[in-house]
1. Could you please give the count of residues in the range A:32-50 that are facing another protein chain (nearest Cβ under 7 Å), buried (at least 18 other Cβ atoms within 10 Å of the Cβ) and not aromatic (Phe, Trp, Tyr)?
2. On the basis of being touching a Lys or Arg at 6+ places or on another chain (Cβ under 9 Å), at pLDDT below 90 and at the interface with chain A (Cβ under 7 Å from one of its Cβ atoms), does B:Gly157 make the cut?
3. Do you know which residues across the range A:211-266 are over 14 Å from A:Asn194 (Cβ atoms), of a type in the set (Ser, Thr, Tyr) and modelled with pLDDT of 65 or more?
4. Just to be sure I understand, how many residues within the range A:92-103 are crowded, with 18+ Cβ neighbours inside 10 Å and of a type in the set (Asp, Glu)?
5. Residues being touching a helix residue (DSSP H, G or I) at 6+ places or on another chain (Cβ under 6 Å), modelled with pLDDT of 90 or more and surrounded by 15 or more Cβ atoms within 10 Å (Cβ to Cβ): count how many of those fall in the range B:13-24.
6. Among the candidates B:Leu118, B:Leu81, single out the residue that is hydrophobic (A, V, I, L, M, F, W, C) and within 11 Å of another protein chain (Cβ to nearest Cβ).
7. Can you find a residue that is farther than 18 Å from B:Asn160 by Cα, within 8 Å of chain B (Cβ to nearest Cβ), crowded, with 19+ Cβ neighbours inside 10 Å and at pLDDT 90 or above anywhere in the range A:3-16?
8. On the basis of being modelled with pLDDT under 95, out of contact with any strand residue (DSSP E or B) (no Cβ under 7 Å at 6 or more places or on another chain) and either among the hydrophobic types (A, V, I, L, M, F, W, C) or not in a strand (DSSP E or B) (or both), does A:Lys192 make the cut?
Amino acid sequence: MSVPKWEDLNMDCLVNVLTRVGIESLLLGAPFVCQSWYKASLHPSCWQIINFQKIESGPLSWYFYDGITTEFIKSIINRSRGNATAVWLPDDCTEEALRYIADECPALKALILSGNLCYRYFPVIPELISKWKNLEQLRLGRLSNMERVFEEINCHCKNFYWLCAFGANIERDTASAIVTFLPNIKYLYMRKANIDRESLEMILQVCKELVLLDARDCVGYECDDQLLKLASHISNFQHEGSTLFDYEDYWGPNEHDSIYDDYLSD
Amino acid sequence: MSNTSENPKPSSSSAKMTLKTSDNELFEVEEAVAMKFCTVKQYFEDEKDSDVAARGSTTVIPLPNVHSAVLATLISYGKKLPQSNAVADNHEEEETKKKERKKYEQGLLKNLMPGELLDLISAANYLDFKEGLEFFNQALADHIQNKSVEYVRKFFGIKNDYEPHEEEKYREEYAWAFEGVDED
């Protein structure tokens, strides 16, 4: 037929393709093909979704001897020109980088913190929430001051509807904060969380907008008909594998003593 | 293109249009499908405006930039898309159609020669066929994602316009960002 006439295609088409190739190709592939591809790879549309975790764990990881630097994070965020809609933070994010992301990503809709996250900058996150007024989705990792985060979301993020607290400790205060500050939450993921029955019931009773609740493999409750009835408004309620006690790996006396105490002292 | 297992429900419009390709082949296409090509839609609407009497289905729309084989594939893909004017399906029918479409898409990509993908994108771009562009752009992205720079250049027929020292300089520039060394 015809020899590929790539030069005939306008920049828009090339940029459209590059928005789909993933961050490794954008950094290590596209820029080296030729100069116009390098230019296309810098287009802000390619940087609306920025996954730093992929860099940390993928083929680029060997570039980062001491983890991803603040300067690198800033240079990538700059490429989005304020249009970034989703960011996966690296495990080793610095506070400076985090503040930069808050200042330079006002359009952010989704923020994903990894499960292996550094605890250093936890205290900072609640105060940054006010910069992300368009936030809709948040994955928390093992954040400890979640209540303050929820409070800030309630105040500033009117479109918020999706929360993932995988493996979290959902104590009574946390559950209380969820129902107080996120009563209209639609998607709640808390697989492998530690959550007791009363906290779960609280959430089921108040959060009537829930479309999906993933409470699988949790420790602290066992599902029964009564719970299922309470959850009947949720079209997708997952509870498989949840147990009262932690029957799996025994972490040691410190991790789960409080759970045993709650149920033995009745 | 044979119509396999078409939905027997009648569509609200069975008007046809004729498209003429660069190699002078004529394609008779249902209006509903042809209208997904926004360039065609625009041409058609301009024609309608400029002529008081309705022209009926004798309009031949020239597509001098599109080869017949490419147009055939795009039309075939366009037919598989949900038709905006079709009667609404129930959930089950919708799911079946979705699965059929996925299967068709996979078959289509499997049988595609590498060069054809670029032609399809080029044509879809010219025709302003949004769904087709979306699909083929994604297919292209999936294809080049894990390939080497040399492969990509060959595939697109791109000449490396970096001078050797430029390319080296560029790699070095990148290196600072990765190594965590402060920029001077």
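1. 2
2. Working: touching a Lys or Arg at 6+ places or on another chain (Cβ under 9 Å): yes; at pLDDT below 90: yes; at the interface with chain A (Cβ under 7 Å from one of its Cβ atoms): yes.
Yes, satisfied.
3. A:Ser232, A:Ser235, listed by residue number.
4. Total satisfying the criteria: 1.
5. The qualifying residues number 1.
6. Details: B:Leu81 fails: within 11 Å of another protein chain (Cβ to nearest Cβ).
Going through B:Leu118, B:Leu81 in turn, just one is hydrophobic (A, V, I, L, M, F, W, C) and within 11 Å of another protein chain (Cβ to nearest Cβ): B:Leu118.
7. Yes: the range A:3-16 contains one or more residues that are farther than 18 Å from B:Asn160 by Cα, within 8 Å of chain B (Cβ to nearest Cβ), crowded, with 19+ Cβ neighbours inside 10 Å and at pLDDT 90 or above.
8. Yes; evaluated as a whole, the condition is true for this residue.
The values are calculated or read from the model by the stated rules, or taken from the named source; none is laboratory data. This is a predicted model, so every value here is computed, not measured. FYI the Cβ positions are ideal-geometry reconstructions off the backbone, even for glycines, and counts take in every protein chain you see.
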